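The values are calculated or read from the model by the stated rules, or taken from the named source; none is laboratory data. Note that the coordinates shown come from a computational prediction; the quantities given were computed from them, not determined experimentally. Reconstructed Cβ throughout: ideal geometry from the backbone, glycine too, with neighbour counts over all protein chains shown.
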Amino acid sequence: MSLIKTLAGETALYGLSSILGRLLTFVFLTPFLTNIFNDDRAQIGIQTDIYAWAAFLMIVFTYRMETAFFRFGSKKEDRATAYKTASSAVIGTTSIFVLLLIAFSQPIAYQLGYADHSNYIVWFAFILGFDALSAIPFAMLRLEGKAMKFAIIKLVNLFIHLGFVFLFLYVFPRYFPAFYNSGMGIGYVFIANLFASGSTFILLLPTYWYKNRGEQGLYDKSIFDKNLLKKMLVYSMPLVLAGFAGIVNEVLDRILLKIYLPGDSNMVLEQLGVYGACYKIAIFMNLFTQAFNYAAEPFFFKNADKKYAKPLYADIAFLFSLVGTIAFLCIMMFMDLVQFFVASNYREGLVIIPILLLANLCLGLYYNFAIWFKLSNKTKYGALIAVAGSAITIIGNIVLIPLLINFGYAGYLGSAWATLFCYATMVILAYSLGQKHYPIPYSIGKILFYIIVVVIIYLLYANLVKPQLVVNSLISYSISVGVILFYIFIIYFIDGNKIMKIINKKSGLYS
């Protein structure tokens, strides 16, 4: 099988859990929650806010040891010791972090504006703890190519989460009201998450007794290596800074919206709920980029010492851009259907979708272009790029939220634009610095060409064609399909032969 097909197969398996999970979330959870809280949008705002802070803390809990494990455990003979060292370190620090969060749950809840709900902090202390303890075992499954097991465990997590949400918010209030507390609200979603994360950790427990067996028996005794830990920490610390900056880019907009949106706290949380609900639709693009990143990161490390590595990476980035632009067009052409994934009171925020889709496409390209500093041990550049992106995020939100409000637009539109500017800047920096320090022959001209073409096609459709169509009609759907096929034809006409050659290349042809 060709290298590209191998990567595509693993991406599909990782995507099985991500895509099916997100599809079930969009088909069930997002419509379910937005309808349950259709008249209390502040509850979705609370959910959006709490998960934003949790994303920051997850970087602290794992301090990017999973990436360090990829780097130092990519060779079979080193894997057991690297795994033992990384997992032991995470177990020790996670225990401390969980206890600290529990001890200071009340003052933390007060500072976040949830003084009556310190239980949220306690629940998330355990959620983050279980998720952190699952991070290295999940990394092992990825490095060992056990994509199916990875997908199954992720899906079990998903079904437990969805099942308990349905039980708490639908079954209990209708059939067992004695077990239902109406004042709990969105807290039931957090409890469901806690059960799901705990179950995932239990399923991954056997991985902690990993032994690396080769043809001659055990490569090593799976020891904790202090010297290796120091190397891992030196490697991962710049990535922690990059991780913080990356989370700033992903979730700081929610926090800044709470500051800059006008109105009382309930009105602000309602607008935050609208933004959070519509943001989840845009994550349809993120499904693809996340699945790709799960498969690509260990794939890149395992092929790093091959002489065909750089041309291979270039081909992967080119194919990624094609699939990403097709995904963008498919989502936007059927927005009349996609909008039903959120309840009616939230659809005013759909204007952010195309902006955030392009932002997530840029993020996926960044995953491609950023591999150079991980492979060349120059992770400090990753930190610098992420910090630059964070600066764009912070300045963009501070400037654009009030500016757009003054011009009569929704403030969260400024957050969407800031996200796009951030990821576009990071792509440019990652590519430019990479060409100086670790040059890879990316087809950058073609990648830009297809992004520009797909944006032009969408703008022409949205401004000239769509206003003339009857919404949700057979004609509108037929034209949407026709537009997508037209774009695919453009790709085939220009690069069809090149694409087929790339897909069928084997390692020997890259030599």
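Counting just the residues of region 328-354 that are out of contact with any Cys (no Cβ under 7 Å at 6 or more places or on another chain), of a type in the set (Phe, Trp, Tyr) and more than 19 Å from Val465 (Cα to Cα), which one comes out surrounded by the most Cβ atoms within 10 Å (Cβ to Cβ)?
Looking at residues that are out of contact with any Cys (no Cβ under 7 Å at 6 or more places or on another chain), of a type in the set (Phe, Trp, Tyr) and more than 19 Å from Val465 (Cα to Cα), I get Phe341.
Applying the selection to region 188-239, what residues are among the charged types (D, E, K, R), in contact with a Phe, Trp or Tyr (Cβ under 8 Å, 6 or more places away or on another chain) and modelled with pLDDT of 90 or more?
Matches in region 188-239: Lys231 only.
Of everything in region 175-191, what is among the small types (Gly, Ala, Ser) and either part of a loop (DSSP other than H, G, I, E, B) or within 14 Å of Asp116 (Cα to Cα) (or both)? Give them in sequence order.
Within region 175-191, Ser182, Gly183, Gly185, Gly187 meet the criteria.
Answer yes or no: is there a residue in region 78-85 that is under 23 Å from Ser376 (Cβ atoms), among the basic types (Lys, Arg) and within 22 Å of the chain's Cα centre (by Cα).
no
Give the residues of region 486-508 that are under 23 Å from Met333 (Cα atoms) and loosely packed, with under 11 Cβ neighbours inside 10 Å, sorted by residue number.
Once the filter is applied, which keeps residues that are under 23 Å from Met333 (Cα atoms) and loosely packed, with under 11 Cβ neighbours inside 10 Å, region 486-508 yields only Phe493.
Does Ala242 qualify as being modelled with pLDDT under 80, within 30 Å of Tyr208 (Cα to Cα) and either in contact with a strand residue (DSSP E or B) (Cβ under 7 Å, 6 or more places away or on another chain) or surrounded by fewer than 18 Cβ atoms within 10 Å (Cβ to Cβ) (or both)?
The answer is no for Ala242.
Determine which member of the set Val427, Val454, Val399 is surrounded by fewer than 17 Cβ atoms within 10 Å (Cβ to Cβ) and of a type in the set (Val, Ile, Thr).
Val399
When region 458-468 is examined, which residues are found to be free of Cβ contacts under 8 Å to residues at least 12 places away in the same chain and under 14 Å from Met332 (Cβ atoms)?
Residues satisfying the conditions are Leu459, Leu460, Asn463, Lys466.
If I filter region 24-47 down to residues being among the aliphatic types (A, V, I, L, M) and modelled with pLDDT of 65 or more, which single residue comes out as surrounded by the fewest Cβ atoms within 10 Å (Cβ to Cβ)?
Leu24
If I filter region 218-275 down to residues being in a helix (DSSP H, G or I) and small (Gly, Ala, Ser), which single residue comes out as farthest from Asn38 (Cα to Cα)?
Top of the filtered list is Ser236.
Any idea how many residues of region 449-508 are in a loop (DSSP other than H, G, I, E, B) and either modelled with pLDDT of 95 or more or polar (S, T, N, Q) (or both)?
The total comes to 2.
Yes or no: Tyr313 modelled with pLDDT of 80 or more, aromatic (Phe, Trp, Tyr) and within 26 Å of Met267 (Cα to Cα)?
So Tyr313 fails the test.
Kindly indicate whether Ala309 is among the small types (Gly, Ala, Ser), surrounded by fewer than 23 Cβ atoms within 10 Å (Cβ to Cβ) and on the phi < 0 side of the Ramachandran plot.
For Ala309, the condition - among the small types (Gly, Ala, Ser), surrounded by fewer than 23 Cβ atoms within 10 Å (Cβ to Cβ) and on the phi < 0 side of the Ramachandran plot - is met.
Confirm whether Tyr442 is at pLDDT 90 or above, part of a helix (DSSP H, G or I) and buried (at least 18 other Cβ atoms within 10 Å of the Cβ).
When the stated conditions are applied, Tyr442 does not pass them.
With (1) surrounded by fewer than 20 Cβ atoms within 10 Å (Cβ to Cβ); (2) within 21 Å of Pro441 (Cβ to Cβ); (3) of a type outside the set (Phe, Trp, Tyr) as the list, and Thr325 as the residue in question, which single condition is left unmet?
Evaluating Thr325 over (1) surrounded by fewer than 20 Cβ atoms within 10 Å (Cβ to Cβ); (2) within 21 Å of Pro441 (Cβ to Cβ); (3) of a type outside the set (Phe, Trp, Tyr) leaves (1) as the failure.
Among the residues of region 98-122, which ones are of a type in the set (Phe, Trp, Tyr) and without any contact (Cβ under 8 Å) to a residue 40 or more places away in the chain?
Phe104, Tyr110, listed by residue number.
Give me the helices (runs of 4 or more DSSP H) completely within region 285-385, filtered to those with at least 3 residues that are under 30 Å from Phe69 (Cβ atoms), under 17 Å from the mean Cα position of the chain (by Cα) and free of Cβ contacts under 8 Å to residues at least 12 places away in the same chain, ordered by residue number.
Helices (runs of 4 or more DSSP H) meeting the threshold: none at all.
Condition check ((1) touching a strand residue (DSSP E or B) at 6+ places or on another chain (Cβ under 6 Å); (2) among the hydrophobic types (A, V, I, L, M, F, W, C); (3) farther than 18 Å from Ile247 by Cβ) across all residues:
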{"site": "Phe340", "(1), (2), (3)": "no, yes, yes"}
{"site": "Tyr367", "(1), (2), (3)": "no, no, no"}
{"site": "Ala383", "(1), (2), (3)": "no, yes, no"}
{"site": "Ala386", "(1), (2), (3)": "no, yes, no"}
{"site": "Pro402", "(1), (2), (3)": "no, no, yes"}
{"site": "Lys436", "(1), (2), (3)": "no, no, yes"}
{"site": "Leu448", "(1), (2), (3)": "no, yes, yes"}
